[in-house]
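K.L.:
Sharing a structure, written as structure tokens. Questions coming.
The values are calculated or read from the model by the stated rules, or taken from the named source; none is laboratory data. All values derive from a computational prediction rather than experimental measurement. Note: ideal-geometry Cβ built from the backbone for every residue, glycine included; neighbour counts use all protein chains shown. The area values use the complete protein model at the heavy-atom level, side chains included, leaving out ligands, DNA and RNA. Shrake-Rupley method; radii C 1.70, N 1.55, O 1.52, S 1.80 Å.
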Number of protein chains: 4
Amino acid sequence: MSGNTYGKLFTVTTFGESHGIALGAIVDGCPPGLALSEADIQIDLDRRKPGQSRYTTQRREEDSVKILSGVFEGKTTGTPIGMLIENTDQRSKDYSNIKDQFRPAHADYTYMQKYGVRDYRGGGRSSARETAMRVAAGSIAKKYLKDFHSIEVRGYLSQLGPIKIESVDWDQIDQNPFFCPDASKVAEMEEFMKALNKEGDSIGAKITVVATNVPPGLGEPVFDRLDAEIAHALMSINAVKGVEIGEGFGSIEQRGSQHRDEITPEGFLSNNAGGILGGISSGQDIIANIALKPTSSLHIPGRSVDVHGNPVEVITKGRHDPCVGIRATPIAEAMLALVLMDHLLRHRGQNGAVQHTIPVIPGSVK
Amino acid sequence: MSGNTYGKLFTVTTFGESHGIALGAIVDGCPPGLALSEADIQIDLDRRKPGQSRYTTQRREEDSVKILSGVFEGKTTGTPIGMLIENTDQRSKDYSNIKDQFRPAHADYTYMQKYGVRDYRGGGRSSARETAMRVAAGSIAKKYLKDFHSIEVRGYLSQLGPIKIESVDWDQIDQNPFFCPDASKVAEMEEFMKALNKEGDSIGAKITVVATNVPPGLGEPVFDRLDAEIAHALMSINAVKGVEIGEGFGSIEQRGSQHRDEITPEGFLSNNAGGILGGISSGQDIIANIALKPTSSLHIPGRSVDVHGNPVEVITKGRHDPCVGIRATPIAEAMLALVLMDHLLRHRGQNGAVQHTIPVIPGSVK
Amino acid sequence: MSGNTYGKLFTVTTFGESHGIALGAIVDGCPPGLALSEADIQIDLDRRKPGQSRYTTQRREEDSVKILSGVFEGKTTGTPIGMLIENTDQRSKDYSNIKDQFRPAHADYTYMQKYGVRDYRGGGRSSARETAMRVAAGSIAKKYLKDFHSIEVRGYLSQLGPIKIESVDWDQIDQNPFFCPDASKVAEMEEFMKALNKEGDSIGAKITVVATNVPPGLGEPVFDRLDAEIAHALMSINAVKGVEIGEGFGSIEQRGSQHRDEITPEGFLSNNAGGILGGISSGQDIIANIALKPTSSLHIPGRSVDVHGNPVEVITKGRHDPCVGIRATPIAEAMLALVLMDHLLRHRGQNGAVQHTIPVIPGSVK
Amino acid sequence: MSGNTYGKLFTVTTFGESHGIALGAIVDGCPPGLALSEADIQIDLDRRKPGQSRYTTQRREEDSVKILSGVFEGKTTGTPIGMLIENTDQRSKDYSNIKDQFRPAHADYTYMQKYGVRDYRGGGRSSARETAMRVAAGSIAKKYLKDFHSIEVRGYLSQLGPIKIESVDWDQIDQNPFFCPDASKVAEMEEFMKALNKEGDSIGAKITVVATNVPPGLGEPVFDRLDAEIAHALMSINAVKGVEIGEGFGSIEQRGSQHRDEITPEGFLSNNAGGILGGISSGQDIIANIALKPTSSLHIPGRSVDVHGNPVEVITKGRHDPCVGIRATPIAEAMLALVLMDHLLRHRGQNGAVQHTIPVIPGSVK
């Protein structure tokens, strides 16, 4: 497949440029019988929607999704689900000045080298606006996982620049504009972002996503390991530069006697593995972290070259997120849900019919 | 595809269990005209081969590869290349005692939950022995990339448990059993490993892989970004728990003004991006780090359960690497080479014919 | 991938039900730089469009296509091309009576067995209306093949029920409502169809598609042979029950001395192979025939069962083509173009860079 | 994927040249728990094996298969099954004379144009010898389908040149060297083949394959229709020039009132559809016919050109089947089994969990 389709049995194909007419997606392979409405999908889209706080881009998009097929009398039919979101608040002239320039740390130069042409308006296809359709598709997967398997996929901001969270209260996450689960850090984050805006600079962030109640057995060794596909899906999100499963880079300094998650009939005694062993889910929570680089669009001038190779000084106008990480939580949730959905169907197809009597270990010991 | 095939145009499909008759692979999509012999492949296999130093498993395997098809009169023909490595030094009885037990942090439990059955001898398919065929396939990709495009893929051990390297001298890497590029750290590593062996414990490690002279334009947004597929390929290696591109998790605390790699006609002024922008190669070195967990096979007893769910104490006999990271360098090189090879062909197919005149920026400023 | 995507490098994914809100497609992998407008695509859509003559369904659909992405300043950018056609002339009540019945020779029963639910309005996803997006996608492939490689894909009706054409005049095809290349047969076809309509019955047909100026070398043995993928693509068209390449079923009674297409420096002396040898294009015209069954929607009562398994008598109301074959020519052209486009890109990617000096045989001797 | 892999969930990847060291295959995605031995596979290989009668090539190959992985204690484990067949009776010098010539109707010319090089010994990869591994893989699929779902896949020779069978007695098929189900035609076929051999000519043939007891619901509209994938799989067999499902080309002249298979609670009243409606299995027998061209290797001289474009007269030495169709029956069975196996797993994955109460129509009325 070309680059715009994700998945093998549950596939998502997307199209759309930042300043084009519309964004769209086709979700293929969704089993029939799932109750689904536009409102179900809109919930997640609204969480990702721009212009919701002073800490994100001021571009205002309703991001209201239309379902064009695949749902009949309120339920999925098993046929492909077509979805559309129209763009409404483009201000393309903001970008005319960078038509012939390559913004540092943007995809301008690489797209030109690959394609020889680019829709420079708002970054075209390389804009994070593309992720809206991922969130829409992911919300279908999330609903199926929850309705039919009680699997829940959730995420939060675990670090904003230098500010690390110290506790996770799931109820806090939607109470602040940062998806921050630690109420005690929100004020600090607000101060930090205000100062950053003044300087016209941007900052990186870390997001954590967790899937609970995942049955053991999902994942296809060797190349399609569950962790490998999670890494693929999460690294495919704009601005992501690193992915960890469980203890991740912390495992480098761990001893085997410390890292191994011992097992008892009551459950695993720890979860350094992040819920995956040998590329297959173990029944423990699946835990992944991603590192997002700071936004590349700054009001601080930077050195670059133009399409003729001449040196230029670039200042990015337009409206941008000073921290792309802030709105990335629903996107990361969506991608994790897509991976789990696809592997659930693949497992059901290839091994789901196996009858065996291995007792299931009840996740982690509480 | 099922889980044992990697790639879209340059595909690698592998089979084989740790204590089975043989390991094998089919490399499909290799362009014709590449000069290739078994000796070319053996070089990399020998670098990964077990039993080469007191710091790796004492299992002795010649790992001598046979090419069964796809090469005629010394050159590839464009037809699939079949390769075979016979297993010679199995000691399966070592494993009979864990037949009915789940070793903590191993794939024993998850394989049983997925398949309802497993070849428990040496971990069967989940053994790192499977990576031998990745190295064989990767060496074909490495040779094509070098012979036809002067692209070089190399790697080294950048951290062994607490010991971090401080300098990179490419000539040192094959001068010590650790693939360590910093001669000043080798003695320390040897001491550390000796102590570890005494304790019967194991340790994690960090590997860095670098691809030089990669042309700009490789990678297929959106889901098949080059960095996403590198993350997929590297995370699919046994024991890997984290992947970073360029600055990776370091970008979380960076400012945009600091992270963005400014561009001049003479080249990029830094490489925080690790050679990839918008999922497409920029022409700078591609740099990735991976975190490997400590080996799960220990001589220190651990708590677990048996196939009936009863608590047991597990001691892993058999011969193991106290640090899987030590032999992982050639494997990581192989996987990076496979990704680049596949994307080179995909780019050539979809966009390679484009004529454009965008000047190429000469990588990083030296 | 799930069933609604075709192709590997040049992929087409479609959605949409006969009586849904809209039909849509995403064409991914189209190289950049192709001049493309909605008008270019509309030409083929209008050829397939219903309600154009008394010999096809009276449903009137403008089938006007919108391009939503992937084209910038009149040229493709290499990013996915989103297309949409809104449904306007649904008369769903026509179908309420067959809500709980399975029309013989329709997909009603099999969809219910597969999905447990179906959008019965106009056959939902199983309606030939789905082919509109194939034609739209195919016209992009046709334009690329013609503009960049002078490859032309054309087709015609070669048999209508008992009426076989005796000569092929390409200029005649668009001069009559049957895509018939033999002007001397048109009156006979008109008479035949009138009589058929009176009886409320339907008839089968045969379509021939031809690709000229195809370069040698397209096709990937062994499973992805060019002829195998053409068979796949053509058999995937609604109502198609048979596919032939070149002499097809005629080869059964041929001797080898008669079938083999002898070669001279001036060209091949015959084309029993239909332009494909060993699954790879030879440079001769690619010729394929397809057999289309008679429309299943009749005004003549037929025996069937309802969703409860009780016997019922079915009469299909609604508006239908008495011969689906009549409008199938542009669809068959589209599918052949999609196969050639995909294989052109695959060949370019995997083998296109090969330098060799084998003289090219100039197709067939004229 | 490249051309040497078939299937999505149940995948088969093959390698090997006619006169190379060995042929091999990897079957990936086979569910665990299938009882499987080399003997099970050998049965089908022996049916295809050359040198079994005076009517097939005199090359003698044991074609004895080795299972190298994926089977443990007599049962499949869910991991990839590696298989190997060593070549033993090559006589490569037979071919040295055609090293620089293109045999008419062979793949010599097209392989050279595609790859710029070829293993000319016995046709290399383009030899029908490649089909041995298809038969081996297919026999695994056949066994799974039969053991777990009572689905049976069988075939026979339905026409040898001008000689058409008039009745089908399944018990006769393995009683003669032609896979002919009509005992009354065998003597005629023997006479015909003797005469043909004297002339040094070859002849075409028609094979029919039937799958019984297939559950309704297999097949993924729209592009991955079951009939489309059957056409793909069967057309990918060497020498096949046409594929029909059910009534096939006969449907062209049928009326809808005649073609439609009426339904009663006791079953379908006919099977013009060949067991597939809307691309999905209906529960009736799946019936497909294929047309095979006459062998291209003749002892009668033919006109061609050499690699320099000069005219030459070609006589094929070496040992060949005067009718490739004779040994094609087990190959066609294998390919049909592979399609059904893959779609069984895909259906189970995507829709198999659907609970519905549509009564199942008991196939055809007997």
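K.L.:
Do we have any residue at all in segment A:292-304 that's surrounded by 24 or more Cβ atoms within 10 Å (Cβ to Cβ), assigned to a strand (DSSP E or B) and in contact (Cβ under 8 Å) with a residue 12 or more places away in the chain?
P.N.:
Yes; the residues of segment A:292-304 include at least one that is surrounded by 24 or more Cβ atoms within 10 Å (Cβ to Cβ), assigned to a strand (DSSP E or B) and in contact (Cβ under 8 Å) with a residue 12 or more places away in the chain.
K.L.:
In addition: I need every pair where a residue in segment C:141-161 that is aromatic (Phe, Trp, Tyr) has its Cβ under 7 Å from the Cβ of a residue that is assigned to a helix (DSSP H, G or I) and open to solvent by less than 60 Å² (accessible area, probe 1.4 Å), sequence separation at least 6 or different chains.
P.N.:
Every condition considered, the pairs that remain are C:144/C:341; C:156/C:173; C:156/C:329.
K.L.:
How many residues are farther than 23 Å from residue C:224 by Cα, small (Gly, Ala, Ser) and touching a helix residue (DSSP H, G or I) at 6+ places or on another chain (Cβ under 6 Å) when one looks only at segment B:1-41?
P.N.:
Residues flagged as farther than 23 Å from residue C:224 by Cα, small (Gly, Ala, Ser) and touching a helix residue (DSSP H, G or I) at 6+ places or on another chain (Cβ under 6 Å) within segment B:1-41 amount to 1.
K.L.:
With the requirement that a residue be in contact with an Asp or Glu (Cβ under 6 Å, 6 or more places away or on another chain) and within 30 Å of residue B:31 (Cβ to Cβ), what does segment C:312-345 give you?
P.N.:
The one that is in contact with an Asp or Glu (Cβ under 6 Å, 6 or more places away or on another chain) and within 30 Å of residue B:31 (Cβ to Cβ): C:339.
Listed here are the residues, each with its yes/no results for (1) over 25 Å from residue C:219 (Cβ atoms); (2) modelled with pLDDT under 95.
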residue: D:19; (1), (2): no, yes
residue: D:27; (1), (2): no, no
residue: D:35; (1), (2): yes, no
residue: D:49; (1), (2): yes, yes
residue: D:57; (1), (2): yes, yes
residue: D:60; (1), (2): yes, yes
residue: D:70; (1), (2): yes, no
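K.L.:
Are any residues in segment A:309-348 more than 10 Å from chain B (Cβ to nearest Cβ) and part of a loop (DSSP other than H, G, I, E, B), and if so, which ones?
P.N.:
Selection gives A:315, A:317, A:318, A:319, A:321, A:328.
K.L.:
Kindly provide the set of residues from segment C:184-206 that are under 21 Å from residue C:299 (Cα atoms) and assigned to a helix (DSSP H, G or I), ordered by number. First the steps, then the outcome.
P.N.:
If we filter segment C:184-206 for residues that are under 21 Å from residue C:299 (Cα atoms), which is where we start, we get C:189-205.
Within segment C:184-206, C:189, C:190, C:191, C:192, C:193, C:194, C:195, C:196, C:197, C:198, C:199 qualify.
K.L.:
Would you check which residues across segment B:237-264 are under 30 Å from residue A:309 (Cα atoms) and among the hydrophobic types (A, V, I, L, M, F, W, C) and list them?
P.N.:
Within segment B:237-264, B:245, B:263 meet the criteria.
K.L.:
Out of curiosity, is residue B:83 open to solvent by less than 40 Å² (accessible area, probe 1.4 Å) and within 14 Å of chain A (Cβ to nearest Cβ)?
P.N.:
Numbers: open to solvent by less than 40 Å² (accessible area, probe 1.4 Å): yes; within 14 Å of chain A (Cβ to nearest Cβ): no.
Answer is no for this residue.
K.L.:
Going through D:120, D:115 one at a time, which residue ends up being of a type outside the set (Lys, Arg) and either touching a residue at least 60 places away in the same chain (Cβ under 8 Å) or at the interface with another protein chain (Cβ under 7 Å from one of its Cβ atoms) (or both)? Write out each step before concluding.
P.N.:
Details: D:120 fails: either touching a residue at least 60 places away in the same chain (Cβ under 8 Å) or at the interface with another protein chain (Cβ under 7 Å from one of its Cβ atoms) (or both).
Just a single option satisfies the conditions, and that option is D:115.
K.L.:
Across segment D:325-366, what is the number of residues that are modelled with pLDDT of 90 or more and either of a type in the set (A, V, I, L, M) or open to solvent by 20 Å² or more (accessible area, probe 1.4 Å) (or both)?
P.N.:
Counting residues in segment D:325-366 that are modelled with pLDDT of 90 or more and either of a type in the set (A, V, I, L, M) or open to solvent by 20 Å² or more (accessible area, probe 1.4 Å) (or both) gives 17.
K.L.:
With respect to residue B:3, determine if the residue is open to solvent by less than 10 Å² (accessible area, probe 1.4 Å) and more than 18 Å from residue D:82 (Cα to Cα). Give the steps one after another, and end with the answer.
P.N.:
Numbers: open to solvent by less than 10 Å² (accessible area, probe 1.4 Å): yes; more than 18 Å from residue D:82 (Cα to Cα): no.
When the stated conditions are applied, residue B:3 does not pass them.
K.L.:
Assess whether residue C:41 counts as being more than 8 Å from every other protein chain (Cβ to nearest Cβ) and buried (at least 24 other Cβ atoms within 10 Å of the Cβ). Working first, answer last.
P.N.:
Numbers: more than 8 Å from every other protein chain (Cβ to nearest Cβ): yes; buried (at least 24 other Cβ atoms within 10 Å of the Cβ): yes.
Yes.
K.L.:
Continuing with the same structure: Hey, can you tell me all the residues within segment D:253-276 that are more than 7 Å from chain C (Cβ to nearest Cβ), without any contact (Cβ under 8 Å) to a residue 40 or more places away in the chain and not in a helix (DSSP H, G or I)?
P.N.:
Matches in segment D:253-276: D:272 only.
K.L.:
When you go through D:78, D:20, D:70, D:24 one by one, which is the residue that is facing another protein chain (nearest Cβ under 10 Å), in contact with a Leu (Cβ under 6 Å, 6 or more places away or on another chain) and in contact (Cβ under 8 Å) with a residue 12 or more places away in the chain?
P.N.:
On the way: D:78 fails: in contact with a Leu (Cβ under 6 Å, 6 or more places away or on another chain); D:20 fails: in contact with a Leu (Cβ under 6 Å, 6 or more places away or on another chain); D:70 fails: in contact with a Leu (Cβ under 6 Å, 6 or more places away or on another chain).
Matching residue, one of D:78, D:20, D:70, D:24: D:24.
K.L.:
Restricting attention to segment D:285-304, and to residues there that are at pLDDT below 95 and over 17 Å from residue C:273 (Cα atoms), which single residue is nearest to the other protein chains (Cβ to nearest Cβ)?
P.N.:
D:300
K.L.:
Next up: So residue A:171 passes all but one of these: (1) closer than 26 Å to residue A:230 by Cα; (2) of a type in the set (D, E, K, R); (3) touching an Asp or Glu at 6+ places or on another chain (Cβ under 7 Å). Which condition number does it fail?
P.N.:
(3)
K.L.:
Moving on to the next point. Considering only residues that are open to solvent by less than 10 Å² (accessible area, probe 1.4 Å) and over 14 Å from residue A:104 (Cβ atoms), which ones fall in segment B:253-275? Steps first, please.
P.N.:
To start, the set of residues in segment B:253-275 that are open to solvent by less than 10 Å² (accessible area, probe 1.4 Å) comprises B:256, B:259, B:261, B:263-264, B:267-268, B:273-275.
Passing the criteria: B:274, B:275.
K.L.:
Would you check if residue A:35 is surrounded by fewer than 23 Cβ atoms within 10 Å (Cβ to Cβ) and without any contact (Cβ under 8 Å) to a residue 40 or more places away in the chain?
P.N.:
For residue A:35, the condition - surrounded by fewer than 23 Cβ atoms within 10 Å (Cβ to Cβ) and without any contact (Cβ under 8 Å) to a residue 40 or more places away in the chain - is not met.
K.L.:
Among the residues of segment A:195-207, which ones are more than 8 Å from every other protein chain (Cβ to nearest Cβ) and crowded, with 24+ Cβ neighbours inside 10 Å?
P.N.:
Passing the criteria: only A:207.
K.L.:
Then there is this: Within segment B:208-229, restricting attention to residues that are in a helix (DSSP H, G or I) and either of a type outside the set (D, E, K, R) or surrounded by fewer than 24 Cβ atoms within 10 Å (Cβ to Cβ) (or both), which residue is nearest to the other protein chains (Cβ to nearest Cβ)? Spell out the reasoning first.
P.N.:
Quick first cut of segment B:208-229, residues in a helix (DSSP H, G or I) only: B:226-229.
After this cut, where a residue has to be either of a type outside the set (D, E, K, R) or surrounded by fewer than 24 Cβ atoms within 10 Å (Cβ to Cβ) (or both) as well, the list is B:226, B:228.
Working: B:226: 9, B:228: 4 Å.
For segment B:208-229, the residue satisfying everything is B:228.
K.L.:
Another question about this same structure. Give segment D:230-252 a look and list any residue that's part of a helix (DSSP H, G or I), facing chain C (nearest Cβ under 7 Å) and open to solvent by less than 10 Å² (accessible area, probe 1.4 Å), or say none.
P.N.:
Residues of segment D:230-252 part of a helix (DSSP H, G or I): D:230-235, D:248-252.
Subset that is facing chain C (nearest Cβ under 7 Å): D:231-232, D:235, D:248-249, D:251-252.
Hits for segment D:230-252 are D:231, D:235, D:248, D:251, D:252.
K.L.:
Can you pull out every residue in segment C:153-180 that is of a type in the set (Gly, Ala, Ser) and open to solvent by less than 30 Å² (accessible area, probe 1.4 Å)? Spell out how you get there, then give the answer.
P.N.:
Filtering segment C:153-180 for residues of a type in the set (Gly, Ala, Ser) gives C:155, C:158, C:161, C:167.
Matches in segment C:153-180: C:155, C:158, C:161.
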